[in-house]
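One structure is given here, and the rest of the page talks about it.
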Amino acid sequence: MITQLHAMYQWSRKMLIFLVIIFLADNIYNGVVAAMYMRHTSGEKLIFSGTYQCMIAYVGDTVLLGIITWILGTA
């Protein structure tokens with residue numbers, strides 16, 4: 001992706017630096033949000049009549065953090 005955008009701007013060095021900074025910031029943000037997401041999510045495994053059931057509980061705005069990360073990751 002960075003290579004394609006870099007080529008689109010005639011191999012500009014300034015654009016390459018800008019793109020690297022933007023992609024690095026996005027990846028760091030996604031990593032921090034993923035850590036927060038896992039910290040505020042709890043899961044339980046329940047067994048009812050021999051079948052396994054999984055229950056996930058979200059606390060606060062955890063779902064919103066997941067949505068924001070998904071949007072920024074696919075943009």
Does residue 4 satisfy the condition of being at positive phi and either outside any strand (DSSP E or B) or open to solvent by less than 80 Å² (accessible area, probe 1.4 Å) (or both)? no
Of (1) small (Gly, Ala, Ser); (2) assigned to a helix (DSSP H, G or I); (3) over 12 Å from the mean Cα position of the chain (by Cα), residue 31 fails just (3)
Of the residues that make up the stretch 8-22, is at least one modelled with pLDDT under 85 and of a type in the set (Val, Ile, Thr)? no
Do we find a residue being surrounded by fewer than 10 Cβ atoms within 10 Å (Cβ to Cβ) and either out of contact with any Lys or Arg (no Cβ under 7 Å at 6 or more places or on another chain) or in a helix (DSSP H, G or I) (or both) anywhere in the stretch 37-44? yes
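Answer yes if at least one residue in the stretch 23-35 is among the acidic types (Asp, Glu), open to solvent by less than 80 Å² (accessible area, probe 1.4 Å) and either touching a strand residue (DSSP E or B) at 6+ places or on another chain (Cβ under 9 Å) or modelled with pLDDT of 80 or more (or both), and no otherwise.
We begin by selecting, within the stretch 23-35, every residue among the acidic types (Asp, Glu); these are 26.
Then drop every residue that is not open to solvent by less than 80 Å² (accessible area, probe 1.4 Å), which leaves 26.
Keeping just the survivors that are either touching a strand residue (DSSP E or B) at 6+ places or on another chain (Cβ under 9 Å) or modelled with pLDDT of 80 or more (or both) gives 26.
Yes, the stretch 23-35 contains a residue that is among the acidic types (Asp, Glu), open to solvent by less than 80 Å² (accessible area, probe 1.4 Å) and either touching a strand residue (DSSP E or B) at 6+ places or on another chain (Cβ under 9 Å) or modelled with pLDDT of 80 or more (or both).
The values are calculated or read from the model by the stated rules, or taken from the named source; none is laboratory data. These figures come from a predicted structure and were not determined experimentally. FYI the Cβ positions are ideal-geometry reconstructions off the backbone, even for glycines, and counts take in every protein chain you see. Keep in mind that these areas ignore ligands, DNA and RNA; they rest on the heavy atoms of the full protein, side chains included. Shrake-Rupley method; radii C 1.70, N 1.55, O 1.52, S 1.80 Å.
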